[in-house]
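Notes to accompany the following structure.
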Amino acid sequence: MSASAFLSQLLQLAIALLLAPLLLGWVNQCRAWLQNKSAPSLLLPYRTIRKLFHKDAVVAENASPVFRITPYVVFSAMALAAAIVPSIATDLPFAHAADAIALVGLFALARVFIALAAMDLGTAFGSIGARREMFVGFLAEPALLMVLFTASLISGATLLPTIVETLAHRDIAIYPSLAFAGVAFTMVSLAENARIPVDNPATHLELTMIHEAMILEYSARHLALIEWASALKLFNYSCIGIALFLPFGIAQGSTDWTAILGAVPVLIGKLAMGGFALALIETVSAKMRLFRAPEFLGTAFLLAVLAMLVNLLLGS
Amino acid sequence: MSAVPLWVQLSNLFAAVLLLLAFAMLAQRRVLSLIDLFAAQGFALACSTAIVAYATRQPHLFWSAGLTLVLKVILLPWLLHRLIRQLDVRWDVEGLINVPTTMLIGIVLVVFAFNLAFPIAQLASTVTRATLGIAMASVMLSFLMMITRRKAVPQVIGFLSMENGLFFAATSATYGMPMVVELGIALDVLVAMLILGVFFFQIREQFDSLDLKHLEKLKEHE
């Protein structure tokens, strides 16, 4: 483990932390354009976070320590995940500590904590949000694991850097299994990041909220951390998608600094395209009823399993 | 991995699309979309057959691809659409079991079919033998669709899509059946479709509905 590897790790983490709100702002801006509205500033998420950090926090009297520590747990889980997912380089000291399955576990940890905090105060909306979140989560997680297993079967490893290196170096060929897995992954990401077919991030109607209902009681720095963490979650999912399905341009090896620095604009370009695609999906689709979510995520699971089976049968 | 030629990759792709469409038909609730999906499945089948025909230089496979295109993409969907219009049955299809459960049973069937096809595929000498599992899986999924649907029209579409699967199995295991057999089957399917169309009218005249559970009663008055 060299100093250079550590430097690239730090660079990647810093990029993730700094770019995540920008990605969120970009998605919001694209969506506003597509819906023929005047777009909010690209930097709005940064301003929101700064504003929230300057406010005084209000915590309910009957809040337990779980409620207080949850923002920190969620934020550090997402920051750790951002360090594990190879987005600009593959030779990362952190990435070898946890494979794809542990990464899913890390997301699950954040989910459990935020659901516990939502139920902690005993408010009606918090409990509803927590239940719905767990409902969506338990359907989305197996599908996500199956997508990761498909990529693992192709590359023969569950470590994300190894998967990226294998997939980036293979010959150009048609992989029906990767196409299925890609569609399944998109559906899972929409559900996990509380985007439109499953949840509406811009809603003001408490009865239909999932993610927003859970964080209604948070204010100031706690809310800022949670908002930042959900931006990071979107960033992480986008980076996992890039690592699995568009791994070209990610630097391999830690000594070649021109490649690592060259990977940054490539990453930004891919994220910009991904953000636009997300805004497009959100514009053309309507929010589903909550009880249609099992069908939506069941389809994602089905596609992911089919990807794995087709890969086993056809070897492609 | 680069040893796999492009046409095998393309035929694998169409095989995967075929399997996906079989699942889409299993999950589809509306009759009209079901017919469109059936036409799409026929199109994927025709493409895959044409690719195999081009790569293995077998002119008679071109004929069967053309036959598939005319019969299953144009003629049969047109007949079905006309039938739906005449019967005026645009209801949502009611399954016996709900969609996610059907999908899970479908996955189990696919695993079963893949295991079943694996030893058989070892015996075949064609390059496309790996897709035999997919062909068997689509046959079983169509079978499942016939079992889980209560109404007559989706059952017939299941029957037709089962024929698609069998045709694909023949192409992937032995590069297609002799032309005489294929023509015979094509004619059979067409005639079956026409006779079943007459049946639909008879069933509806008798029971005022196309729900097949009425046929289970033996007596008219209990």
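The values are calculated or read from the model by the stated rules, or taken from the named source; none is laboratory data. Quick caveat, the model's predicted, so the values are computed rather than measured. Here the Cβ is made from the backbone with ideal geometry for all residues, glycine too, and neighbour counts use every protein chain on show.
For this structure, a couple of remarks:
- Test: residue in the range B:146-161 that is touching a residue at least 12 places away in the same chain (Cβ under 8 Å), under 25 Å from B:Val31 (Cα atoms) and within 14 Å of chain A (Cβ to nearest Cβ): no
- Candidates A:Leu267, A:Leu309, A:Leu271, filtered to the one that is within 14 Å of chain B (Cβ to nearest Cβ), crowded, with 16+ Cβ neighbours inside 10 Å and either at pLDDT 85 or above or assigned to a helix (DSSP H, G or I) (or both): A:Leu309
- Residues of the range B:145-173 satisfying the condition of being modelled with pLDDT of 85 or more, buried (at least 23 other Cβ atoms within 10 Å of the Cβ) and among the hydroxyl-bearing types (Ser, Thr, Tyr): B:Ser161
- Of B:Ala16, B:Ala55, all but one fail to be of a type in the set (A, V, I, L, M) and over 15 Å from B:Ala135 (Cα atoms); the exception is B:Ala55.
- Any chance A:Arg68 is closer than 18 Å to A:Leu22 by Cα and assigned to a helix (DSSP H, G or I): no
- Candidates are the residues of the range A:64-97 that are modelled with pLDDT under 85 and surrounded by fewer than 18 Cβ atoms within 10 Å (Cβ to Cβ); the one that is farthest from A:Val264 (Cα to Cα) is A:Ala97.
- Any hit, the range A:172-189, residues being more than 25 Å from B:Ala15 (Cα to Cα), more than 14 Å from chain B (Cβ to nearest Cβ) and not in a loop (DSSP other than H, G, I, E, B): yes
- Of the residues making up the range B:15-37, those that are within 9 Å of chain A (Cβ to nearest Cβ) and either surrounded by fewer than 17 Cβ atoms within 10 Å (Cβ to Cβ) or among the basic types (Lys, Arg) (or both) number 0.
- The residue that is surrounded by the fewest Cβ atoms within 10 Å (Cβ to Cβ), among those in the range A:23-43 that are within 19 Å of A:Pro265 (Cβ to Cβ) and without any contact (Cβ under 8 Å) to a residue 60 or more places away in the chain, is A:Leu42.
- Filter result for A:Leu280 (within 14 Å of another protein chain (Cβ to nearest Cβ) and either closer than 18 Å to B:Ile105 by Cβ or part of a helix (DSSP H, G or I) (or both)): no
- Taking the listed residues B:Ala27, B:Ala3, B:Ala44, the one that is small (Gly, Ala, Ser) and at pLDDT 90 or above is B:Ala44, with no other qualifying.
- Taking the listed residues A:Ile163, A:Ile210, A:Ile154, A:Ile196, the one that is more than 14 Å from chain B (Cβ to nearest Cβ), of a type outside the set (Ser, Thr, Tyr), buried (at least 18 other Cβ atoms within 10 Å of the Cβ) and farther than 27 Å from A:Ile114 by Cα is A:Ile163, with no other qualifying.
- Each residue in the range B:152-188 was checked for being of a type in the set (S, T, N, Q) and more than 14 Å from the chain's Cα centre (by Cα), and 3 of them qualify.
- Any hit, the range A:166-181, residues being polar (S, T, N, Q) and free of Cβ contacts under 8 Å to residues at least 60 places away in the same chain: yes
- In the range A:155-194, the residues that are modelled with pLDDT of 85 or more and of a type in the set (Phe, Trp, Tyr): A:Phe180, A:Phe185
- The sole residue among B:Asn98, B:Asn12 that is out of contact with any Lys or Arg (no Cβ under 7 Å at 6 or more places or on another chain), surrounded by 15 or more Cβ atoms within 10 Å (Cβ to Cβ), more than 30 Å from B:Val198 (Cβ to Cβ) and not hydrophobic (A, V, I, L, M, F, W, C) is B:Asn12.
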